[in-house]
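The values are calculated or read from the model by the stated rules, or taken from the named source; none is laboratory data. Since the model is a prediction, treat every value here as computed from it, not as a measurement. For neighbour counting, all protein chains shown are included, and Cβ atoms are generated from backbone atoms with ideal geometry for every residue, glycine included.
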Amino acid sequence: MTEPVEAPFETEATEAPAPAVDGRPELEAGNGVEGALPGEAAVARAARRSLEGRARGPARIWPFLGPAFIAAVAYIDPGNFATNISAGAQFGYLLLWVVVAANLIAMLIQTQSAKLGIATGKNLPELCRENFSRRTSIGLWLQAEGVAMATDIAEVVGAALGLNLLFGIPLFPAALIAGAGAFAILALQQRGFRRLEAAIAAMAGVVLVSFGFEIFWAKPHAGDVASHLFVPGFSGTESILLTTGIIGATVMPHVVYLHSALTQRRIVGRNDDERRRILRFEKVDVVIAMLIAGAVNLSMMIMAAALFNVGDLTGIDSIEGAFEGLKLTVSDHAATVFGVALLASGFASSSVGTMSGQVVMQGFIQRRIPVFLRRAITLAPALIVLGLGVNPTDALVMSQVVLSFGIPFALIPLLLIARKRDVMGAMTNPAWLTAIAAVLGGLIIALNVFLLQQVFFA
């Protein structure tokens, strides 16, 4: 049975309510409130010192780091493995520029999402429900649930592949293990948001370090890498399909919803000036997290281009093929490191996907369901895909294309709401920023329309 809810994360109430300011309830960071976990109260006190100018150096930024790192995990999920390896193996370094462009777009979008939470104390689904008609909100909710299921296909199938490659566990039971793993990570919420952020950041670190080793072993051609980082180019319809998948795997719609929820009550400013300062700190969080995610994505494609686009291994364009190819071209150790990275990515991103699903349902329709049921609903499509024997890498790539088609349904409401002065107050987006974001959103939509034309009508 569903029931109304008022907050996206009941376990994240870390500050006590203070008198309303500018017509909305304010929460004062740093009070060390009764019932708050010690780590959360310490973060709140440290944030208050930063906002009041009593902290210097890295200590000023430290309390605000975390939300973007959780969001960034979705940018290095197993879907990215599939699209980046396929792109590198088939087209070499040609599509590196797509990763760079997608990462820059992601920085802008995630900053806007974080800004929404900071400025309003509400998340994007909640604001959609308040600012759009009920019919529109229901439609947005239904497509967001579809996106959540596509997301889980990528994450669960990826984690299952990691278990299969490392330990020989069949894919279907491996998927069940992956689903259970998400619960273990999410359970850290009960011990405070810092524990959850640390665990997810640690797994992202495993992926980063793993691909650092892979690049070292692959020895890519530096000149070829540099020449394709910023020069756009395509090579047929298949490259456009992969481009759409890369964008869908990098600009993830479900974390556009999630990021606003992660910042809405984590550290709350008492006035407009404090909210602006929180946003400046959050921009640092976004840039650091997205740079790490971008480096991982580039490393995936560069590794595939260096190893699998030359010689006898040009046919390798799947995760399983990459694992075996690493054994042949580098060593068993390189293949094992790759498998560990895939497994860490799958477990971490699956938990982030479940968190996003909670935010979507609670925000759009003011309902929540038990996390076990939520996990089961989004896990089911992945189990069906594996049960039907669909090629795992094909399922991963297509799930990312579905995500790309979901981007406008998150991005357009975000931009429409962020330009509303009665909602955003002093942090309303200026016209020039709205125009830039609108152009980027239009490019993504145009790319998707062109892809449809090429695939179904060419």
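Within the span defined as region 416-423, every residue fails to be touching a helix residue (DSSP H, G or I) at 6+ places or on another chain (Cβ under 6 Å), of a type outside the set (Lys, Arg), under 23 Å from VAL73 (Cβ atoms) and surrounded by 22 or more Cβ atoms within 10 Å (Cβ to Cβ).
Regarding region 364-372, can at least one residue be identified that is of a type in the set (Val, Ile, Thr) and in a helix (DSSP H, G or I)?
Looking only at region 364-372, we keep the residues that are of a type in the set (Val, Ile, Thr), and these are 365, 369, 371.
With the extra rule that they be in a helix (DSSP H, G or I), the set shrinks to 365, 371.
Within region 364-372, one or more residues are of a type in the set (Val, Ile, Thr) and in a helix (DSSP H, G or I).
Of the set (1) touching a helix residue (DSSP H, G or I) at 6+ places or on another chain (Cβ under 8 Å); (2) on the phi > 0 side of the Ramachandran plot, all apply to GLY389 but (1). Filter region 251-283 for residues that are in contact (Cβ under 8 Å) with a residue 12 or more places away in the chain and either over 21 Å from LEU414 (Cβ atoms) or part of a loop (DSSP other than H, G, I, E, B) (or both) and give the result. Residues satisfying the conditions are VAL251, MET252, ARG265, ARG266, ILE267, VAL268, GLY269, ARG270, ASN271, GLU274, ARG277.
Kindly provide the set of residues from region 230-280 that are among the hydrophobic types (A, V, I, L, M, F, W, C) and either modelled with pLDDT of 95 or more or within 19 Å of ALA114 (Cα to Cα) (or both), ordered by number. I'd like the intermediate steps shown before the answer.
The first filter runs over region 230-280 and keeps only residues among the hydrophobic types (A, V, I, L, M, F, W, C), leaving 230-231, 234, 240-242, 246-247, 249, 251-252, 255-256, 258, 261-262, 267-268, 278-279.
Result: VAL251, MET252, VAL255, VAL256, LEU258, ALA261, LEU262, ILE267, VAL268, ILE278, LEU279.
Applying the set (1) more than 28 Å from LEU186 (Cβ to Cβ); (2) surrounded by 18 or more Cβ atoms within 10 Å (Cβ to Cβ) to THR378 leaves exactly one unmet item: (1).
Here is a yes/no grid of residues against (1) in a loop (DSSP other than H, G, I, E, B); (2) of a type in the set (D, E, K, R); (3) at pLDDT 85 or above; (4) within 22 Å of ILE240 (Cβ to Cβ):
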| site | (1), (2), (3), (4) |
| --- | --- |
| ASP394 | no, yes, no, yes |
| ALA426 | no, no, yes, no |
| ALA435 | no, no, yes, no |
| ILE445 | no, no, no, yes |
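The rows are residues; the columns are (1) over 26 Å from PHE172 (Cα atoms); (2) within 16 Å of the chain's Cα centre (by Cα); (3) at pLDDT 80 or above.
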| site | (1), (2), (3) |
| --- | --- |
| SER349 | no, yes, yes |
| THR354 | no, yes, yes |
| VAL360 | yes, yes, yes |
| ILE369 | no, no, yes |
| ALA376 | no, no, no |
| LEU379 | no, no, yes |
| ASN391 | no, no, yes |
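Starting from region 165-182, take each residue that is within 15 Å of THR378 (Cα to Cα) and modelled with pLDDT of 90 or more and list its partners that are among the β-branched types (Val, Ile, Thr) and not in a helix (DSSP H, G or I), counting only C-beta distances under 8 angstrom and pairs at least six apart or across chains. These pairs meet every condition: ILE177/ILE169.
Only helices (runs of 4 or more DSSP H) whose full extent lies in region 1-113 are considered here, and the ones with at least 2 residues that are under 23 Å from ALA202 (Cα atoms) and at pLDDT below 85 are 38-51, 78-91. Restricting to region 46-89, name every residue that is without any contact (Cβ under 8 Å) to a residue 24 or more places away in the chain and on the phi > 0 side of the Ramachandran plot. Within region 46-89, GLY53, GLY57 meet the criteria.
Every condition in (1) touching a residue at least 60 places away in the same chain (Cβ under 8 Å); (2) surrounded by fewer than 16 Cβ atoms within 10 Å (Cβ to Cβ) holds for ALA410 except the one numbered (2). Here is the figure for region 322-334: residues that are in contact with a Gly (Cβ under 9 Å, 6 or more places away or on another chain) and without any contact (Cβ under 8 Å) to a residue 60 or more places away in the chain total 1. Residues in region 391-443 that are under 30 Å from ASN84 (Cβ atoms) and among the acidic types (Asp, Glu): ASP394 only.
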